[in-house]
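Written below as structure tokens is the structure these notes are about.
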Amino acid sequence: MKNQYDVIVVGGGHAGCEAALAAARMGTKTCLLSIDKSYIARMSCNPSIGGIAKSHITCELDALGGEQARNTDFTAIQLRTINTRKGPAVQAHRAQCDKALYPARMQAVLAGQPNLDIIEAEATGIWTENGQLRGVFLNGNEQLAAKTVVLTAGTFMRGRVMIGQEVVYEGRWGEKSADDISSSLESLGFELGRMKTGTPPRIHKDSIDLSNMQIQPGDEPPPFFSRTARRLFHVEQSESNAGDVPRGTLDLLGHTPISSSENAMGAQEQPPERCSTWNKWASELFARGANAFDRDFLLSARLPQIPCWLTHTNERTHQIIADNLRKSSLYSGLVEGTGVRYCPSIEDKIVKFPQRTAHHVFIEPEGRNNIRIYPNGTSNSLPEDIQIQMVQSIPGLENAAFIRPGYAIEYDYAPPTQLFHTLETKQIENLFFAGQINGTTGYEEAAGQGFIAGINAARRAMGETAFVLDRTEAYIGVLIDDLVTKGTDEPYRMFTSRAEHRLTLRQDNVHFRLFDRAKELGIVSQSDLTETAAKKKQIDTEIARLEKTFHDGSSLAQTLRRPGNNYAGLPGEKPDLPPDVIEQVEVSVKYEGYIKREQGRIASSRSLEKMRIPKHLDYDAITALRFESREKLKKILPETLGQASRISGVNPADISILSVWIKANR
């Protein structure tokens, strides 16, 4: 049978959306399979994007031609910069999104993307013949052919939702699990494991008392993730006298504009005129297409930001949980999979940190016209009646009305050491895995993998070379290298501490450091590339001027390096330079010594990365290698000497032996 598609993407989560868009934007005939089109791009847990290191991935996607950053900016109800007291390497953005608008806009983008078909069907298996990929099985025995397949199954593979001792076989609340895919992968020889994650209850916004909570407003001006939003926002600022809704902060209900020092409960409610017609207005824009929505949203209809709020658990809360611990799915033995270490459930916090008398609970709205509140920090798998007692013991939530209880979810994943850096599987050529199937957690980690898998599936279908980001050039590279080299036995979450070169992998320089890679891919617009190149020239020119211009016996660069000084205070500074150019000048000059030192380390490490290991090297023939090293190397099949050096159990002596062997047999 002749191939119907170049690329089939299975699953419409955050990995699937990026994979499908990337493949289609590369020019390949692409299909996105989803059981229900309305489920595509759902934010099944917290409707937020970003956070420490996660926002780096989202910004890298923007630099390379992905969609997550734009989708976040154009559907955000709050944008903040976090870690502002620390250096630029670890600062990050975080956005609270409108839970209904985020998937709606992404669906509009997908629907309007050339080369992309969206088909409602359930993929029930991977179709192979004589060990060669042919496509996927749909709804049982129907066949859909393709040159390459990207599997992004999320939490659906043998997923089961657990509340106390109640178990429902679902991939998400109200959505059936996908058991056949797991069976298909096992029949093809893939190793599968089990992981667990969870989500808090959802409570009604009108049942919350904010009077004893701490407000957390958004930043003004908003710190956008994407260059598109920043560009449009500057246009909006220049046309800000058009009589639109006043900028500022709205209360939790999306009503009265308040200052960050005021309490929403004491403010008189005067809803902005547009707020009552928000859903109708957004629907009309979606009908005209995502581009119209983006333009109008920022130019003429952007509403003020909505704050989040902070409260805390207490000793009574902890006692309720401790008294009922064995009734939870997690501590009754019902859960088999490994949970998220760095985003633990409230039961885990009580057990693992018994000395703590309080834990943060962030009250986060799920949208402007959404009645649901996400109490971040209360994820659990207790019976619903116990959950109600627990939540109502928290200040401000004494009368909390439940819309839906929290739950744990357990699902299959495929240990990612079964993948190459392209995210192609070692078992079946032309089959790619991306997202939670690889053992990760988080929308951002999923999107980063989906983009790389989609790009490589498309390039394979077109007969082009692979696209791999090195861990020295991107957080996406760190993420994928960690997964395929070290594997993971618990849900993997990105942190800045995982990147050994984080001083050069900053969020603020993402478009400059990935400029050449973006040109290589060719899916970023020429106008964006031209703008980035022009700004890079401005940065270099201004740094050179500061080094050569002297005042009071010191160069302006030396003056800028002194503690407490900034660019705006320099004699002869150029205030007409764009803010992001000034930011790069300041960081580059102030951290010059550290950056040069790190660049030296990167150059040293790349010598190992350049030495490629023959694909079919017989490690058993290298008798000088220790037995443990041979076993690890045979399992991982590293592609370079650098990757081999990062495998747990392979020591420097093994790398020296391997290097000599490769050179001698080249």
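Computed from the alpha carbon atoms alone, the convex hull of the range 520-637 holds 192 Å³ per residue. 3J(HN,Hα) couplings calculated from phi for the range 4-15 with the Karplus curve 6.51 cos²θ - 1.76 cosθ + 1.60 (θ = phi - 60°) are, in sequence order, 7, 10, 6, 9, 10, 10, 9, x, x, x, 5, 5 Hz; Gly and Pro show x.
Less than 5 angstrom separates the built amide H of W127 from those of R134, G135, V136, F137, all sequence-distant by 5 or more or on a different chain. Taking the alpha carbon gyration tensor of the range 415-481, multiplying each eigenvalue by 5 and rooting it gives semi-axes of 18, 14, 11 Å, largest first. Computed on the Cα atoms alone, the convex hull of the range 537-577 gives a volume of 64 cubic angstrom per residue. As a ratio to 2.2 N^0.38 Å, the alpha-carbon radius of gyration for the range 104-169 is 1.47.
Three principal axis extents of the range 344-470 based on alpha-carbon atoms, in descending order, are 61, 37, 25 Å. Report the far tail of the P(r) of the range 611-664, meaning the percent of Cα-Cα pairs longer than 15 Å. Every Cα pair in the range 611-664 considered, those over 15 Å come to 32 percent.
Evaluated with a Cβ-only charge set (Lys, Arg +1; Asp, Glu -1), the chain carries a dipole of roughly 1620 debye about its Cα centre, given to the nearest 20.
Across all Cα atoms of the chain, the radius of gyration (one decimal) and Dmax (whole number) stand at 25.7, 80 Å. Distances between placed amide hydrogens fall under 5 Å for Q4 paired with A145, A146, all partners being 5 or more residues away or on another chain. Exposure proxy for T465, T549: other Cβ atoms within 10 Å of each Cβ, ordered fewest to most, give T465, T549. Take the Cα radius of gyration of the range 462-595 and divide it by 2.2 N^0.38 Å, N being the number of residues; the result is 1.31.
Give me the one-decimal Kirkwood hydrodynamic radius in Å for the range 20-161, with the sum taken over alpha-carbon pairs. Kirkwood hydrodynamic radius for the range 20-161: 17.2 Å. Each Lys and Arg adds +1 at its Cβ and each Asp and Glu adds -1 at its Cβ; summed about the Cα centre, the range 1-104 shows a dipole of about 200 debye. Across all C-alpha atoms in the range 529-597, the radius of gyration and Dmax reach 11.9, 39 Å. For S48, nonlocal amide neighbours, meaning residues 5 or more places apart or on other chains whose placed amide H falls under 5 Å from its own, are C97.
Where a number appears in this text, it was derived from the coordinates with a stated rule and is not lab data. Because the structure is predicted, anything quoted here is derived from the model rather than measured. All Cβ positions, even for glycine, are placed from backbone atoms using ideal geometry, and neighbour counts span all protein chains on display.
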